[in-house]
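This report concerns only the one structure given below.
No lab work stands behind these numbers, since they all come straight from the coordinates. Quantities reported herein were computed from a predicted structural model and do not represent experimental measurements. A quick note on method: Cβ atoms are made from the backbone with ideal geometry, for glycine too, and the neighbour counts reach across all protein chains shown.
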Amino acid sequence: MPNPSRIHKSILVIICWLGGISSYLLFFQYFSQSCSSQMIQVQGASFEPPSLNQISTVPNPEKPVLLVWDWPENDNYKFDPNECKIRHNIDSCHLTDDRNLYNHSEAVLIYHKAIKKDLSNLPKDPRPPFQKWIWFHLESPTNTRQKPGLENLFNLTLTYRRDSDISVRYELTFSKTPKENYIIPKKDKLVCWFVSNTNPGTGAWNRMKYFEEFKKHISVSVFGNMAGARLKDEDYYPTMASCKFYLSFENSIHKDYITEKFNGPLAVGTVPIALGPPRENYEQFAPGDSFIHINDFPDPAALAQYLLQLDKDDEAYRRYFDWRKHISASPHFSVWNEEFILPICKACDYVAKHKVYKEVHDLFKWYFS
């Protein structure tokens, strides 16, 4: 028969063993809860486990991140990143303005006009070796202020220039199948001009001088601040379409500086009259028979006389639309604060498709050349 005292001792050992395990489990559970709710000290540095919300902000690793450091013009042109897919079928990167994603960003888009003169609002953290900085600027050299310290800071350029890494153009599209019987919009005005900037300091003196002489020989319907009131957004394209000719006068003359002032009339069925770089430069972006250039005439009076003749010759006027059989133009934007959607979306697409390392040396020497 077993010894009762020995049995009692065995039961006590088992009870103590089970109690030890229970205490250990309770301690481990308490310690785990404590670690998840409090800061843990590791070698003198504090670490806080990220919350689910913090983790969810890290983008899909299959898409590169493009960080918009500052939205143009004090956030007045900020837009929903989904617009890239909706408008331009671009969904190749994660577009964000969340600066917490700086170290995750393959590229940082930096708007030139937003940079402070002392560069104090540029990123303070060291640039990750895989990251590219994009210089974003759509103004002409005449309206560009140099800021010392930027000359050798960027990897890529985003401008209107064709020799930029990312070139912003309102491009025409081609089709092999001809489109017949293009209907020219009904016209009730001869020559139109939408203009607000008359400041000679921006280079506008050149076009103003030409216009003052031109209007002596032909009637011009003027809209915008110069006429006392800015057109409503919804009236912009319909009014332009109602004009036979539109003065596509740039505020300054530089190679490739051909803006929405030229694209607008092409898109709506109006003949642009170009004042800007030479005709040869325009013909790199649009058919030569789609527009009239002021350099085709010895003076404003001769241009005015030609337009008056075209106004009476429907067949000759219609020939300015023959290009539409195989080529089409699209409106650039319909609301004033949509101006920067296309360039930012194009930067997004570029970052996704180009992985080659680059650097820009002597930025301003290139831009002002």
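Here are some notes:
- Principal axis dimensions, largest first and in whole angstrom, of region 178-331 by Cα: 46, 33, 28
- Efficiency of FRET from Cβ geometry, residue 354 and residue 173, R₀ 35 Å, rounded to 0.05: 0.95
- Alpha carbon centroid spacing (whole Å) that separates region 158-237 from region 85-105: 32
- Theoretical gain in end-to-end length, residue 74 to residue 188 [0.36 nm per residue, Cα-Cα removed]: 37.1 nm
- Entries of 117/209; 209/325; 179/261; 78/186; 113/244 with Cα pairs more than 31 Å apart: 117/209; 209/325; 78/186; 113/244
- With R₀ fixed at 30 Å, the C-beta to C-beta distance from residue 208 to residue 99 puts the FRET efficiency at about 0.10.
- Equivalent ellipsoid semi-axes - Cα gyration tensor, region 74-195, angstrom: 36, 21, 15
- In sequence order, calculated HN-Hα J values of region 116-133 (Karplus, 6.51, -1.76, 1.60; Hz; x Gly/Pro): 5, 4, 8, 6, 6, 9, 7, x, 8, 5, x, 6, x, x, 8, 8, 10, 9
- Short to long, the 5 Å bins of the Cα pair-distance histogram for region 201-280 hold 3, 13, 22, 28, 22, 11, 1, 0 percent of all pairs.
- Estimated FRET transfer efficiency (residue 305, residue 230; beta-carbon r; R0 35 Å; 0.05): 0.65
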